[in-house]
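Below is one structure, written out as C-alpha cells, with a few remarks after it.
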Amino acid sequence: MARTHNLGFPRIGAQRELKFALESYWKGQSTRDELKAEGARLRRRHWQDQAGLDLVPVGDFAFYDQVLDMSFTLGNLPERVQGFHGDALDNYFRVARGRSAEEHAQCCGGVAAGEMTKWFDTNYHYIVPEFTAATEFRLDASRLLEQLDEARAQGVKAKPVIVGPVTYLALGKAKDDSDRLALLPRLLPVYAELLETLAAQGVEWVQIDEPLLVTELDADWQHAFNTAYHHLKSSRVKLLLATYFGQLAENQYLAANLPVAGLHIDAINGRDDIVPLLNLLPSHKVLSLGVINGRNIWKTDLDAVLDWLEPLAERLDDRLWIAPSCSLLHVPVDLASEHTLDAGITSWLAFALQKLDELKLLATALNQGRAAVAAELAANRAAVDARRSSPRVHNPAVQAALAAVTSALGRRHSPYPVRAARQAALLKLPPYPTTTIGSFPQTAEIRQARSRYKAGELDEAGYKAAMRAEIARSVREQEALGLDVLVHGEAERNDMVEYFGEQLDGYAFSQFGWVQSYGSRCVKPPILFGDISRPRPMTVDWITYAQSLTGKPMKGMLTGPVTLLNWSFVRDDQPRSASCTQLALAIREEVLDLEKAGMRVIQIDEAALREGLPLRRSQWKDYLDWAVESFRITANGVADETQIHTHMCYSEFNDIIASIAGMDADVITIETSRSDMELLDAFDDFKYPNEIGPGVYDIHSPNIPATAHIVQLMRKAAERIPAQRLWVNPDCGLKTRQWSEVIPALTNMVAAARTLRAST
Ligand SMILES: Nc1nc2c(c(=O)[nH]1)N[C@@H](CNc1ccc(C(=O)N[C@@H](CCC(=O)N[C@@H](CCC(=O)N[C@@H](CCC(=O)O)C(=O)O)C(=O)O)C(=O)O)cc1)CN2
Ligand SMILES: [Zn+2]
C-alpha cells in the first residue's frame, strides 16, 4: 500500500488573504489578534484542502518565512532584537522587516532588517539566519506545539515539518566570518530536545528538510550530515529526511545511509537517483517519491508516472510513499479560481489543489489497480495528448527563426572602447552619471487605476491617461532631482515579467495565480505554454511619450529573456534553452524598435540570471553558455551609438564574472550597498572591462542614505574601478518604496555625485 503525503502548502491564501491581513496589521488598521485569527483560519482551510492524504504537513505555515520561524524555534535571534519585551510576533516582524531609525528614534532607535536571499533556485526569498562564534541556541517549540494542537483538534493526521540542522547552518551567515559548522555541536542538542518534545506529544513522523543534499558538498559538510543524524537517531519520532529541487547524485550513498526512518527524493529533478537508491537504501526505510512536480503548473502525465511507478510499488510495498516533489509553496492554490484563462489551456493545468488530486489518484491506481480510476486516467490522458499536439503550442514561423539563429546575431559591430567613445560623444554625460534602475513607487492610485481598468470600470483611454500622468510626474521629479539618465518609472507594469507575458504570443496569464515572493509580496508568474512571438511593440509608446517630456536621455526599459524564463512557469516539453532563445528573438525586436524610435539608452534587466544557476556547479557552464548567448541575441543587434544597460540584483558575481563580461553590455548596474562595495572585488583588476553602476543604497530599507555615506561608498568603488567607468545609482528598482522616501534618498544620491565630480 502506497501512502500519500504533502511536504508543504502555499500559505498566502487563494485570494492572498494572508498578504492583506499582514499589510493591514502593519499599517495599524487591524489588531494582532485579528491577524492571528486569520492565520488560524488559513491553516484550518489548508488542512481541509489536504484532507484525504495519509499525512499532512504542520508547521509549514509562517507569518513571514519558514526559515525565520526556524530561527525563532531554535532561539537564534540576532542580538539587536534580543531583550524585546513586547509580543513575540512583533519581534518576529522586527527581524523580518526592520524598523526605520526616524520613526523609532525615541524607542528602539531603529532595527536593521534581516538579510533576504533566494531559497535555492526558486523566486522565494528567506531571511538569512545570523551567526557568530558566540551563538547559543535555545528551544522555543511554542509555535509548532500550538499548530500541532490546532491540527489535532481538527482531526488532521499531522506530520510536523522543520528545516534540518545542516541545511539550517548552510543557509545562514556568520557575521564575524567564523565557521558555521563549529556551531553544530551546540545546535544538535536543541534539535534533539525539539524531537523529544514532539515525541512526547505522540507525534510519529517528523519531516526534516535537508535540500542541501542536492548540492555538491565538501567533506566537512558531508561529515556534518553524519554527525547530525547520528546525534538525532535515538529520538523516539521517526524522521523523514526530505531532499528536493535536484539530484542527490554523488550524495546518494550518504543520504541512503543516514540513520533515519525514511527518505524523500525529488523524482522529477532527481529521477536518475531512484534506481541506484533502491539498491542502497536499507530495507527498513521508507522511500518517499516526489512524483508530482511542485515547481510548475502542468498536469502530470499520470500514465507515464504509473508505468514506472508500478514496478517500484511492487518492490517497495508498504515502504513506498508518494508526494509532490517539493513543498507546494511555489505554485498557486486553486485552478478553479480562474475564470478568464481559456478552456483549452486551463485543461492542461494543475495548481496545488489539483496536484493533490492527482496524487490521490495515483495512490488509488497503485493500491487498487488502474481500473479503479479508469475514467479519471482517461480524462488525464486526453488533456495531456491535447496539449502535446495542440497547434497553439507550435508555431512554424518561430521554429524557422530559431533554426536561422547564428552567433552573428549576438555580436556588436565594434568592441566596447569604440562604442564607449561614440556613446560619450552623443550622450555628453558628466563624470559619475546618475540614474535609477527603472521603477518608481507603485502607488495605491496606480494599482487601483489598473484594477478598475481590468474590471472594466475605467476605459482604455482613461487608464492610459492615468498612466501617462504618472510617467509625467516621474519625469518631472527626476528633472527636479537633477538625474542624468531618466526612466519612465514603469507605472503601467503590474510586474516586470507578467507585463511582458501578457503581451507576447505563446504566454497565458492567470487572475489568481499568486506565488509568495517574500513576506506579503507576491508575484503572478505568467505561463509560457507555446512558441513565443511578439505580435506588436510592447513598450515603445510609453517610452517615446516619456522621452517627449525631457531633453535628457530616457532609458528604454525591458526585461531580458533569461529573467522572463526564470520567473515564468515554463514549458516542460522542450529544453529551457530553446524557450529562452525564442524569448531572446522576441525581445530583440523590441530593442530594435526602441532604437528606431530614437532611444539612445536601452536597459535590459537580467535580475534572475545569477539565481538561475543550477544548484550543482558541474551544470553551470552549460546554463551560462545559453543564458549569456540569449542576452547577446536580445541586446547586441543595435548600433555602436546605442548604449545597452543591464541590471542584476542579489548577485554574487565572483564565480561568474567572465560570463557577465561576456554579455558585453555597455553598462551594468548591480546591488552592492549592503556588502559595502565588497562585491566589487569580482569586478576588480579590470576583470570587468565595461561600465558599472554599483548600487549605493539599499532600496529594501526605508532608511534615507546620507550623502557622505554614498560619497564614501563610491570612493571605495573608485579604488577598484577607474572612475570614468563608474555610474551612481540605487541597488534596484523603487517600486516598493514611497515617494516620500525616494525624493530625499535620490536628492542625497545626486548631491553625492556632484561632490565626487568636484573632486575629480
Ligand atoms: N516576477 C518578479 N520576481 C521578482 C521581482 C519582481 O519584481 N518580479 N523582484 C524580486 C522580488 N521582489 C518583489 C517586489 C515587489 C513585489 C510586489 O510588489 N508584488 C505585488 C504585486 C504586483 C502586481 O502584480 N500587482 C498587480 C496587481 C495589484 C493588486 O494587488 N491589485 C489589487 C487591487 C489594487 C488595490 O486596490 O490596491 C487587487 O487586484 O486586489 C498590479 O499592479 O496590477 C504585491 O505583492 O502586492 C513582488 C516581488 C525578485 N523576484
Ligand atoms: Zn533589481
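The values are calculated or read from the model by the stated rules, or taken from the named source; none is laboratory data. All values derive from a computational prediction rather than experimental measurement. Positions of Cβ are generated from backbone atoms using ideal geometry, with glycine treated the same way; all protein chains shown enter the neighbour counts. With ligands, DNA and RNA removed, areas are computed over all heavy atoms of the protein, side chains included. Shrake-Rupley method; radii C 1.70, N 1.55, O 1.52, S 1.80 Å.
See the values below:
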| quantity | calculated |
| --- | --- |
| Separation of alpha-carbon centers, segment 137-214 and segment 616-694, rounded to whole Å | 38 |
| Gained length - Lys464 relative to Ser533, 0.36 nm times residue gap less alpha-carbon distance | 22.4 nm |
| Solvent-accessible area per residue, Å², over the chain with all protein chains present [probe radius 1.4 Å] | 37 |
| Local electrostatic count at Glu250 - Lys and Arg +1, Asp and Glu -1, tallied over other residues with Cβ under 11 Å | -1 |
| Under 13 Å, Cβ to Cβ, from Trp205 - net charge with Lys/Arg +1 and Asp/Glu -1 | +4 |
| Gain in span if fully extended, Thr736 to Gln448, counting 0.36 nm per residue against the direct Cα distance | 102.1 nm |
| Added length on full extension, which subtracts the Cα-Cα distance from 0.36 nm per residue, Thr117 to Thr406 | 100.4 nm |
| Cross-link reach list, lysines versus Lys238, counting only Cα pairs under 21 Å and skipping chain neighbours closer than eight places | Lys157, Lys159, Lys285 |
| Debye equation applied to the C-alpha atoms of segment 208-265, log10 I(q)/I(0) at 0.16, 0.25 Å⁻¹ | -0.43, -1.06 |
| Förster radius 41 Å - calculated FRET efficiency between Lys27 and Asn257 (Cβ-Cβ, nearest 0.05) | 0.20 |
| Karplus-derived 3J(HN,Hα), 6.51/-1.76/1.60, for each residue of segment 88-98, Hz, glycine and proline x | 4, 5, 5, 5, 4, 5, 5, 5, 5, 10, x |
| Partner lysines for Lys36 [C-alpha distance under 18 Å; skip if fewer than 8 residues away on the same chain] | Lys19, Lys27 |
| Neighbour net charge for Val161 - beta-carbon separation under 11 angstrom, K R +1, D E -1 | -2 |
| Kirkwood Rh, Cα atoms: Rg over Rh of the chain | 0.96 |
| Crossing angle, helix 17-26 versus the chain [Cα axis fit, 0-90 degrees, rounded to tens] | 60 |
| Label point distance in nm, Gln368-Arg476, each placed 7 Å from Cα along Cα→Cβ | 6.8 |
| Signed unit charges on C-beta, dipole axis of the chain, positive-most listed residue Thr4, Ala745, Gly246 | Ala745 |
| Spin-label pair Ile657/Thr550, simplified geometry with 7 Å Cα→Cβ offset, distance in nm | 3.2 |
| Percent carbon-and-sulfur accessible area, the chain, ignoring ligands, DNA and RNA, probe 1.4 Å | 51 |
| Arg315/Arg617 FRET efficiency (R0 45 Å; Cβ-Cβ; nearest 0.05) | 0.85 |
| Bridge type composition, the chain - antiparallel percent by DSSP, nearest 5 | 15 |
| Highest-first arrangement of 242-251, 269-278, 578-587, where packing means the average Cβ count within 10 Å | 578-587, 242-251, 269-278 |
| Principal-axis tilt of helix 576-596 within the chain, Cα atoms, nearest 10 degrees | 20 |
| Simple spin-label estimate for Asp87 and Glu193 in nanometres, 7 Å along Cα-Cβ | 2.6 |
| For segment 632-647, 3J(HN,Hα) per residue [Karplus equation, 6.51 cos²θ - 1.76 cosθ + 1.60, θ = phi - 60°, Hz, x = Gly/Pro] | 4, 4, 5, 8, 8, x, 8, 5, 3, 6, 7, 8, 9, 10, 9, 9 |
